[in-house]
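The values are calculated or read from the model by the stated rules, or taken from the named source; none is laboratory data. On a predicted model such as this, the values are computed, not experimentally measured, just so you know. Virtual Cβ from ideal backbone geometry, glycine too; neighbours counted across all protein chains shown.
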Amino acid sequence: MVYASRAISHGPRVHDLRHYFAIRTLLNWYQADADVEARLPELATYLGHVHVRDSYWYLSAVPELLQLATLRLERAEKGVA
């Protein structure tokens, strides 16, 4: 049985596209070994936010992003560049 709410799809919402863009940007930065924290204001500005904290809504944890962030943290703790 298909529920009515699932049968009607209007495609992705603008919010979904902003979320995808933010996550892909972070993943690309991590993979390029960029200074992600230093670049967060760029992302916030592109998303139209005055403060970086307003962009955190779009930066929900996805497994690949968590893995890259964890690897970077582990390298930093070991003193590896």
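Say we look at region 69-81 and pick out the residues that are in a helix (DSSP H, G or I) and small (G, A, S); which of these is surrounded by the fewest Cβ atoms within 10 Å (Cβ to Cβ)? So the residue we want is A76. Checking each residue in region 45-68 for being of a type in the set (A, V, I, L, M) and either assigned to a loop (DSSP other than H, G, I, E, B) or over 11 Å from the mean Cα position of the chain (by Cα) (or both) picks out L47, V50, V52, L59, A61, V62, L68. Among the numbered conditions (1) at pLDDT 85 or above; (2) at positive phi, the only one that G11 does not meet is (1).
In a residue-by-residue description of region 44-55, the property of being surrounded by fewer than 10 Cβ atoms within 10 Å (Cβ to Cβ) and not aliphatic (A, V, I, L, M) applies to at least one position. The set of residues in region 46-72 being within 16 Å of L17 (Cα to Cα) and of a type in the set (V, I, T) consists of V62 alone. Which of the residues that make up region 31-43 are assigned to a loop (DSSP other than H, G, I, E, B) and either under 12 Å from the mean Cα position of the chain (by Cα) or surrounded by 12 or more Cβ atoms within 10 Å (Cβ to Cβ) (or both)? The one that is assigned to a loop (DSSP other than H, G, I, E, B) and either under 12 Å from the mean Cα position of the chain (by Cα) or surrounded by 12 or more Cβ atoms within 10 Å (Cβ to Cβ) (or both): A34.
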